[in-house]
1. Considering each of 99, 92, 63, 104 in turn, give the residue that is open to solvent by 80 Å² or more (accessible area, probe 1.4 Å) and at pLDDT below 95.
2. So residue 71 clears everything in (1) farther than 21 Å from residue 98 by Cα; (2) among the basic types (Lys, Arg); (3) more than 16 Å from the chain's Cα centre (by Cα) except one condition, right? Which one?
3. Restrict the check to region 12-30 and report whether at least one residue is closer than 19 Å to residue 98 by Cα and assigned to a loop (DSSP other than H, G, I, E, B).
4. Out of the residues in region 49-68 that are without any contact (Cβ under 8 Å) to a residue 24 or more places away in the chain and acidic (Asp, Glu), state the one that is nearest to residue 92 (Cα to Cα).
5. Between residues in region 69-89 that are among the basic types (Lys, Arg) and residues that are part of a loop (DSSP other than H, G, I, E, B) and open to solvent by less than 30 Å² (accessible area, probe 1.4 Å), which pairs lie under 6 Å by C-beta distance while being six or more apart or on different chains?
Amino acid sequence: MENLVSFKEMAPGGIVVNPGNSLEYKTGDWKVLIPVINQETCTRCRICWYVCPDNAILELDKEYTTKKNRKYKISYDVSSDFCKGCGMCAQECPVKAIEMVPVEVA
């Protein structure tokens with residue numbers, strides 16, 4: 001009984017003493033599939049960006065001109081650091097401009 005610790009000596013429980021930052025924790029390493037966005041058929045509706053649970057769809061200030069000469073001021077890309085490969089973006093894309101492809105293993 002002499003090894004017992006007093007409650008005054010115990011570390012507080014349920015308290016985060018050093019909170020992290022989600023940008024520091026890359027969470028997309030375990031995916032099997034990753035979305036690839038076809039800029040040619042994407043209509044920039046933002047549904048993929050909206051439904052992504054991990055904010056892995058990036059809206060970029062990068063102009064794109066389609067083969068049919070349609071000009072867009074923005075493009076979309078995927079952050080492989082945070083995408084978990086759930087496929088919600090591809091499932092919800094109304095023009096099927098997102099394809100889930102296997103992740104290349106290095």
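The values are calculated or read from the model by the stated rules, or taken from the named source; none is laboratory data. Computed from a predicted model, the values in this text were never measured in an experiment. Cβ placement follows ideal geometry from the backbone for every residue including glycine, while neighbour counts extend to all protein chains displayed. The area values use the complete protein model at the heavy-atom level, side chains included, leaving out ligands, DNA and RNA. Shrake-Rupley method; radii C 1.70, N 1.55, O 1.52, S 1.80 Å.
1. 104
2. With respect to (1) farther than 21 Å from residue 98 by Cα; (2) among the basic types (Lys, Arg); (3) more than 16 Å from the chain's Cα centre (by Cα), residue 71 is out only on (1).
3. yes
4. If we take residues in region 49-68 being without any contact (Cβ under 8 Å) to a residue 24 or more places away in the chain and acidic (Asp, Glu), then 59 is nearest to residue 92 (Cα to Cα).
5. As it stands, the answer is 84/28; 84/31, since those pairs meet every condition given.
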